[in-house]
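Student: Shown below is the structure under consideration.
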Amino acid sequence: MASVLISAAAAVLFLTIPVSLSIPFLLFHGVNDECPDDKGSFTELLRNLSGSPGYCVEIGNGKDDSWSMPLTEQATLACQTVKQMKELSQGYNIVAQSQGNMVARGLIEFCEGGPPVRNYVSLGGPHAGVSSIPNCPSALICKLAEKSVYADNVQNTLAPSNYVKIPTDIANYLEHSRYLPLLNNEKPDEKNPSFKDRFSSLQNLALLMFEEDTVLIPKETAWFGYYPDGDSQTLQSPQQTKLYTEDWIGLKTLDTAGKVKFISVAGKHLQLSHDDVVKYVVPYLQGS
């Protein structure tokens, strides 16, 4: 009789586990964006659909700093933030939009001693780089910046320049780009095995590419696909790139283990339908 009562009590307890015991998630927005008031926000939608607690992480003052703060600094601030959030101590999931993926991956790879990231959902992330500055509010300014994109004054004041990768100017890119070569472990004599170890410890990596994306050039960068060095015309699949074949950050390790989902969705940059949110994002935010 006692064992029956104990089993019944355990069943009731399981059915009444509060949402607060679910693994929380963090949302990182893209460039020229900020964490909005909660009501009606994407964060609120994800909370409601997943039943998990979630928070939009603001780096600096939002829109302005998303443009002007170097990504190394943004990733450092993100690391400091997650270390201070006690609710993340047992691990957390990440959803990142566009440039927010540069901060999110920096958090995963660089943040020593931070809480573990379980699942990572990337929405239109410029992971392998872009060949031009995306979402630029001033075409003239950005065209001028692109001509000297690897100059110190541009790298230090225009965050998107930190992941511009000109295929025909790889020497300058590797020497002067302040962020992406480090993030992707690209520098031949400066590979950091800790970055690979941390990234390959993910339980799941979902990479969403938007089929009509004209903001990311090429759109396949959302899957880590890109042009080979010295060639700005021929597009390589993720599995053809050196980053993958030489496993610089652990993408091949994750993929071989069946932990990477390469997902293509209809729509322009970040135009994710409700059904696609339910199908491709929410499942990675559920569970305890």
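Student: Does at least one position in region 88-96 carry a residue that is part of a helix (DSSP H, G or I), modelled with pLDDT of 95 or more and more than 16 Å from the chain's Cα centre (by Cα)?
Tutor: Yes.
Student: In addition: Do we have any residue at all in region 211-220 that's outside any helix (DSSP H, G or I), buried (at least 22 other Cβ atoms within 10 Å of the Cβ) and not hydroxyl-bearing (Ser, Thr, Tyr)?
Tutor: yes
Student: Moving on to the next point. Go through 221, 234, 253, 245 for me and flag whichever is closer than 21 Å to residue 99 by Cα and either hydroxyl-bearing (Ser, Thr, Tyr) or at pLDDT below 95 (or both).
Tutor: Numbers: 234 fails: closer than 21 Å to residue 99 by Cα; 253 fails: closer than 21 Å to residue 99 by Cα; 245 fails: closer than 21 Å to residue 99 by Cα.
Among 221, 234, 253, 245, only 221 is closer than 21 Å to residue 99 by Cα and either hydroxyl-bearing (Ser, Thr, Tyr) or at pLDDT below 95 (or both).
Student: Of all the residues that make up region 147-177, how many are in a helix (DSSP H, G or I) and either more than 12 Å from residue 70 (Cβ to Cβ) or of a type in the set (D, E, K, R) (or both)? Walk me through how you get there before you give the answer.
Tutor: Taking region 147-177 first, the residues in a helix (DSSP H, G or I) are 147, 152-155, 159-163, 167-176.
So of that shortlist, the ones also either more than 12 Å from residue 70 (Cβ to Cβ) or of a type in the set (D, E, K, R) (or both) come out as 147, 152, 167-176.
Within region 147-177, residues that are in a helix (DSSP H, G or I) and either more than 12 Å from residue 70 (Cβ to Cβ) or of a type in the set (D, E, K, R) (or both) number 12.
Student: Does region 144-169 hold any residues that are buried (at least 17 other Cβ atoms within 10 Å of the Cβ) and either within 20 Å of residue 222 (Cα to Cα) or of a type in the set (Ser, Thr, Tyr) (or both), and which are they?
Tutor: 150, 159, 160, 161, 162, 163, 164, 165, 166, 167, listed by residue number.
Student: Going by what's in this entry, would residue 83 be described as more than 20 Å from residue 287 (Cα to Cα), modelled with pLDDT of 95 or more and surrounded by fewer than 19 Cβ atoms within 10 Å (Cβ to Cβ)? Don't jump to the end; show me each part of the working.
Tutor: Values: more than 20 Å from residue 287 (Cα to Cα): yes; modelled with pLDDT of 95 or more: yes; surrounded by fewer than 19 Cβ atoms within 10 Å (Cβ to Cβ): yes.
Spelling it out, residue 83 is indeed more than 20 Å from residue 287 (Cα to Cα), modelled with pLDDT of 95 or more and surrounded by fewer than 19 Cβ atoms within 10 Å (Cβ to Cβ).
Student: Please go through region 233-253 and give me each residue that is surrounded by 14 or more Cβ atoms within 10 Å (Cβ to Cβ) and assigned to a loop (DSSP other than H, G, I, E, B), ordered by number.
Tutor: Within region 233-253, 235, 241, 247, 248, 249, 250 qualify.
Student: Given the conditions (1) modelled with pLDDT of 95 or more; (2) in contact with a Cys (Cβ under 6 Å, 6 or more places away or on another chain); (3) part of a helix (DSSP H, G or I), and given that residue 101 satisfies all but one, which numbered condition is not satisfied?
Tutor: (2)
The values are calculated or read from the model by the stated rules, or taken from the named source; none is laboratory data. Note that the structure is predicted; figures quoted are calculated from it, not measured. Don't worry about glycine lacking a Cβ; one is built from the backbone with ideal geometry, like all the others, and counts go over all protein chains shown.
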